[in-house]
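Asker: Quick one: structure below, then a few questions.
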Amino acid sequence: MLTIAYIGNGKSTNRYHLPFSLKNERIRVKTIYSQEKNSVWRKVSGVNYVNDINTIWNDEEIQLVVICTPLEYHYEYAKLALENGKNVLVEKPFTQTSDQAKELFALAKEKNLFIQCYQNRRFDSDFLTVQKVMNSGVLGDIFEVEMHFDYFRPEVPMSAKGFSKEFSFLYGHGCHTIDQVLSLFGNPNRITYDVRQLLGKGHMNDYFDLDFLYDSKKVSIKSSYFRLKERPSFVLYGKKGVFVKQSKDRQEEHLKLFYMPSNKDFGIDLPEHYGVLTYIDDDGKYHEEKVTSEVGDYGRIYDGIVESIIYGKEKIVKDEETIRQIEILEEGINKIED
C-alpha cells in the first residue's frame, strides 16, 4: 500500500489524478493540501483536507507527494518534498527550466528518493494504437509521423494578458507530444522550430510546429488554438502504406463529462473512432482496414509508480527524457524572443 498526499486541489488533482489513484487498490489517498478555502470540487470521503503544508511534511505515513499546482510552484514544492524525505510525482511541465529539473533529480538521487514527471499521455489510446501498428510491421520502415493536438479555443489566447514562457501553448500542450516522441523514438539528431503568436507580438504563444529529424525519419508535432476542424491525431507514413487515426484518446472527453474510470466503457473508442490502415502486402495486394483501438488508461502511470517505489522497478518516465523535454520547451519558446 502506497500512502499519498496531493498539493493543490484544482482541475489537475480532481480530473486527471484522483479518478485513477482512488481506484488503485494499492494506493491510499490520505491528504490534500490547498490554501483555497472554497473549492468548486466536491470533497472525497475519507480524505483529510488541510491548509497547513506542514501537515504533510510531519506525517510519516505519507510516502508520495503529488504536485498539482501551477507550473511556477512545481520546483519549489518538489524540492521541499524531497528535503522532507518524501517521494515526488510532479505534473507536467515538470519544471520551468532544465536546470531546475537537473537539480531535483540530483537531490532525489542524493536522498535515495523517487521523483518523476506525470506523463499520463503515454497511455493515450491513440498513441498506444500507433505503437501497435508500428510494431506489426505492415507499414514497413516508418518514414514520417505527424502528430496533431488541435483545439478551437480562440478565447484562450484572446483573453491572455501578454506573453510568458510558462503560460504558452508550447509549454502547456507541447509537453504531451514532445514526451511521446522522445519515449517512442528517442532523442533526434536535430529539431526545427516554428513557434508563433498568431495574434501578433505581445500576445500568448498559440501555435507550434516542431520537426524532429532522425536518420531516415521525420516526426512532426503540430498544435493550434485556431483549428475549427481538427487535423488527424496521428498519421504514419511507411514504406508500404499509411495509417490515419483521426480522433484523439477519449479519456479527457469522458473526464470532462464526469464519466469516471469506474465505468467499464470509460475512454474506449467506438468503431467510428478507429483508425484506418492502408497498405500493400508482400504479394502486392492492396488492403484498407480499420484497426481496433487499444484501451488507454492513465492509471497505468500510478501502477508504475507503485512498482517503482515499493518494489524498486525502473521508472516509466526516465530522468533524461524529462530533462530533454524541458530543454526542447526552452529552445522552442526562446525562438519567440529572437
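Read the figures in this text as sums done on the coordinates, not as results from a lab. This one's a predicted model, so the numbers in the text were calculated from it and none came from an experiment. In this analysis, Cβ positions are derived from the backbone assuming ideal geometry, glycine residues included, and neighbour counts consider all displayed protein chains.
Asker: Mind checking which of Met147, Met204, Met158 has the largest fluctuation in a GNM of the chain, springs on alpha carbons under 10 Å?
Answerer: Sorting by GNM fluctuation, first place goes to Met158.
Asker: In addition: Between the stretch 272-333 and the stretch 85-151, what is the separation of their alpha carbon centroids in Å?
Answerer: Between the Cα centre of the stretch 272-333 and that of the stretch 85-151, the gap is 9 Å.
Asker: Quick check: from the Cα gyration tensor, does the stretch 197-338 come out rounded (a/c under 1.5), prolate or oblate?
Answerer: rounded
Asker: Separate question: With the dipole of the chain worked out from charges on the C-beta (+1 for Lys and Arg, -1 for Asp and Glu) around the Cα centre, which of Gly241, Ile336, Leu80 lies farthest toward the positive end?
Answerer: Leu80
Asker: Same structure again: Taking K and R as +1 and D and E as -1, what net charge do the other residues with C-beta under 13 Å from the C-beta of Val219 add up to? Kindly include the intermediate steps, with their values, before the conclusion.
Answerer: Details: positive: Arg190, Lys217, Lys218, Lys222; negative: Glu144, Glu146, Asp179, Asp209, Asp211, Asp215.
Net charge in that neighbourhood comes out at -2.
Asker: With the chain treated as a Gaussian network of Cα nodes joined by springs under 10 Å, which of Asn14, Asn51, Asn205 yields the largest mean-square fluctuation?
Answerer: Maximum fluctuation in the GNM of the chain, among the listed residues, is at Asn51.
Asker: If you take the beta carbon distance between Val242 and Asn187 as r and set R0 to 35 Å, what does 1/(1 + (r/R0)^6) give as a FRET efficiency, to the nearest 0.05?
Answerer: Efficiency, rounded to the nearest 0.05: 0.85.
Asker: In the stretch 261-338, which GluC sites (Glu not before Pro) fall in coil by DSSP and have 10 or fewer other Cβ atoms within 10 Å? It would help to have the intermediate numbers written out before the result.
Answerer: Working: sites: Glu272, Glu288, Glu289, Glu294, Glu307, Glu314, Glu320, Glu321, Glu327, Glu330, Glu331, Glu337; in loops: Glu294, Glu314.
Sites meeting the loop and neighbour criteria: Glu314.
Asker: In addition: Pop the C-beta distance of Val50 and Ser164 into the FRET formula with R0 = 30 Å and round what comes out to the nearest 0.05.
Answerer: 0.50
Asker: Please list, ordered by chain and number, the residues whose modelled amide H lies under 5 Å from the amide H of Asn48; skip anything fewer than 5 residues away on the same chain.
Answerer: Here the answer is Thr31, Ile32, since their amide H atoms fall under 5 Å of that of Asn48.
Asker: Over the stretch 70-116, what is the relative contact order in percent, taking alpha-carbon pairs closer than 8 angstrom and at least six residues apart?
Answerer: 45
Asker: What per residue convex hull volume, in Å³, comes out for the stretch 21-88 when only alpha-carbon positions are used? Show your work: numbers first, answer last.
Answerer: On the way: hull volume 7.1 nm³, N = 68.
Looking at the stretch 21-88, the number lands at 104 Å³ per residue.
Asker: While we're looking at this one, here's another question. Looking at the chain as a GNM with Cα springs under 10 Å, which of Lys217, Lys248, Lys201 has the largest mean-square fluctuation?
Answerer: Sorting by GNM fluctuation, first place goes to Lys201.
Asker: When only Cα pairs under 8 Å and 6 or more residues apart are kept, what is the percent relative contact order across the stretch 121-296?
Answerer: Result for the stretch 121-296 is 29 percent.
Asker: Would you calculate a helix-derived [θ] at 222 nm for the chain, using -39,500 (n - 2.57) for each DSSP H run of n ≥ 4 and dividing by the full residue count, to the nearest 500?
Answerer: One gets -8500 deg cm²/dmol as the mean residue ellipticity at 222 nm.
Asker: Continuing with this model, one more query. Using Cα pairs closer than 8 Å and at least 6 residues apart in sequence, work out the relative contact order for the chain, in percent.
Answerer: Numbers: 656 pairs, mean separation 63.1, N = 338.
Reported relative contact order: 19 percent.
Asker: Which three extents, in angstrom, do the Cα atoms of the stretch 120-185 have along their principal axes, listed largest first?
Answerer: Principal extents (largest minus smallest coordinate, Cα): 48, 22, 21 Å.
Asker: Continuing with the same structure: Take the alpha carbon gyration tensor of the stretch 178-281, find the square roots of its eigenvalues, order them as a ≥ b ≥ c, and report rounded if a/c is under 1.5; if not, report prolate when a/b exceeds b/c, else oblate.
Answerer: It comes out oblate by the Cα gyration axes.
Asker: Length gain on complete extension for the stretch Leu213 to Asp281, per 0.36 nm per residue less the alpha carbon to alpha carbon distance?
Answerer: On the way: separation 68, 0.36 × 68 = 24.48 nm, distance 2.75 nm.
Contour length minus the Cα-Cα distance gives 21.7 nm.
Asker: Let me ask something else about it. Just to be sure I understand the rule: take each whole DSSP H helix in the chain, project its Cα atoms onto its long axis, keep it if the span is 30 Å or more and its mean Kyte-Doolittle hydropathy is at least -0.5. Which ones pass?
Answerer: Taking the DSSP H segments of the chain (at least 30 Å long, mean hydropathy at least -0.5), we get none.
Asker: Which of rounded, prolate, oblate describes the stretch 121-296, given a ≥ b ≥ c as roots of the alpha-carbon gyration tensor eigenvalues and a/c under 1.5 marking rounded, otherwise prolate only if a/b is larger than b/c?
Answerer: Oblate, since a/c reaches 1.5 and b/c is not below a/b.
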